[in-house]
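Structure first, commentary second.
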Ligand SMILES: [Zn+2]
């Protein structure tokens, strides 16, 4: 397994300010093999909403009042070059590559489009109250702060999908969607994921909730 330092280095590299080619395509539609796979997975799940994925020079994200536009930081493509062990280690740290970030942002987007879900008792029990103040800094700082508290060796982080998921209920949900969407919401795959990563039961419950949310979307 790659070290924390290796993950942070690749995170920094893939979150730097875009330059050259990356800067020239800001505002244009994203085209990337990982995005094509995500779009296929959405269609497979019967999620027919039309999303616009556009290159950004100022972080990745979704705005609550325009949730079908997914902004994708141009520099993320650098993570394509990270070795497999770094991708594996990042799985429980933060979305590292373009596919992971797009799945994460879709989690925000889908919840913004169905806000009542966040008020249900099941959601609140597993993810908390999304209405609490949002004070999440940049992903590198948020991850480093939790690594300094022992990172994944700290038992409190067995209760979250990733270190970044610990920042806010919205991020906890988006991180659960990142994983659940990668497996098309397949319960058996999500059980295997939670066993492989030796997480607390509540993480599996979060993933199963996210998987059911995705499967229910298309009716
Ligand atoms: Zn997020």
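FYI, it's all coordinate maths here, none of it is from the lab. All values derive from a computational prediction rather than experimental measurement. Cβ sites come from the backbone with ideal geometry, for glycine too, and all protein chains shown count toward neighbours.
Of note:
- GNM result for the chain, Cα springs below 10 Å: residue of 57, 129, 65 fluctuating most strongly: 65
- Distance-filtered residues of region 80-110 - backbone nitrogen under 15 Å, label point 7 angstrom along residue 40 Cα→Cβ: 99
- As a calculated quantity, the FRET efficiency between residue 66 and residue 125 at R0 = 35 Å, using C-beta atoms, amounts to about 0.70.
- In terms of its alpha-carbon gyration tensor, the chain comes out rounded; the largest-to-smallest axis ratio a/c stays below the 1.5 threshold.
- Set of region 162-199 residues, backbone N closer than 17 Å to the point 7 Å along the Cα-Cβ line of residue 153: 163
- In plain terms, the chain from residue 31 to residue 187 could stretch by 53.2 nm, reckoned as 0.36 nm per residue minus the Cα-Cα distance.
- The chain - share of DSSP beta bridges that are antiparallel (%, nearest 5): 40 percent
- Value at 222 nm in deg cm²/dmol, rounded to 500, when DSSP H runs of n ≥ 4 in the chain each add -39,500 (n - 2.57): -15000 deg cm²/dmol
- As a proxy for reagent exposure, 164, 134 were ordered by neighbouring Cβ count within 10 angstrom, fewest first; the result is 134, 164.
- Of the residues 36, 25, 135, the one with the fewest other Cβ atoms within 10 Å heads the list, and the complete ranking is 135, 36, 25.
- Distance between region 91-140 and region 1-27 - C-alpha centres, whole angstrom: 22 Å
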